[in-house]
1. Of all residues being among the acidic types (Asp, Glu) and in a strand (DSSP E or B) in region 1-31, which is farthest from LEU44 (Cα to Cα)? Just the residue, please.
2. Could you list, in sequence order, the residues of region 21-57 that are among the β-branched types (Val, Ile, Thr) and loosely packed, with under 11 Cβ neighbours inside 10 Å?
3. Mind checking whether some residue in region 24-43 is free of Cβ contacts under 8 Å to residues at least 12 places away in the same chain, touching a helix residue (DSSP H, G or I) at 6+ places or on another chain (Cβ under 7 Å) and among the β-branched types (Val, Ile, Thr)?
4. Of these, ARG10, ARG33, which one is touching a Lys or Arg at 6+ places or on another chain (Cβ under 9 Å) and not acidic (Asp, Glu)?
5. Quick check on my filter: what residues within region 1-23 are hydrophobic (A, V, I, L, M, F, W, C) and in contact (Cβ under 8 Å) with a residue 12 or more places away in the chain?
Amino acid sequence: MPVTLGYVDRTTMTTGLGPTIELTGDVAADMDRIRAFYADKAGLRPELRTEPRLREE
């Protein structure tokens, strides 16, 4: 299933769409790719930032 990542980055004052990722079924690897994409992004309230994670993590 393809998933397109979106973001709001307050640091650069930009919004946009990131890559479309084809989920592989390897949940850990897929989440590592998603975390890597969001690693340098800061939302509207950076003090509330949390790492993207699944409930099982």
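1. Of everything passing the filter in region 1-31, GLU22 is farthest from LEU44 (Cα to Cα).
2. THR24, THR50 - these are the residues of region 21-57 that are among the β-branched types (Val, Ile, Thr) and loosely packed, with under 11 Cβ neighbours inside 10 Å.
3. yes
4. Sole residue among the options that is touching a Lys or Arg at 6+ places or on another chain (Cβ under 9 Å) and not acidic (Asp, Glu): ARG10.
5. Answer for region 1-23, where residues must be hydrophobic (A, V, I, L, M, F, W, C) and in contact (Cβ under 8 Å) with a residue 12 or more places away in the chain: MET1, VAL3, LEU5, VAL8, LEU17, ILE21, LEU23.
Rundown of residues vs (1) among the aliphatic types (A, V, I, L, M); (2) over 10 Å from the mean Cα position of the chain (by Cα), yes/no style:
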site: ARG10; (1), (2): no, yes
site: LEU17; (1), (2): yes, yes
site: GLY25; (1), (2): no, yes
site: ASP30; (1), (2): no, yes
site: ARG35; (1), (2): no, no
site: ARG53; (1), (2): no, no
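Residues are listed down the side, and each one gets a yes or a no for (1) modelled with pLDDT under 85; (2) hydroxyl-bearing (Ser, Thr, Tyr):
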| site | (1), (2) |
| --- | --- |
| THR11 | no, yes |
| GLY16 | no, no |
| PRO19 | no, no |
| GLY25 | no, no |
| ALA39 | no, no |
| PRO46 | yes, no |
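The values are calculated or read from the model by the stated rules, or taken from the named source; none is laboratory data. In this text the structure is predicted, and so the values were computed from the model without any measurement. Positions of Cβ are backbone-derived with ideal geometry, glycine not excepted, and every protein chain shown enters the neighbour counts.
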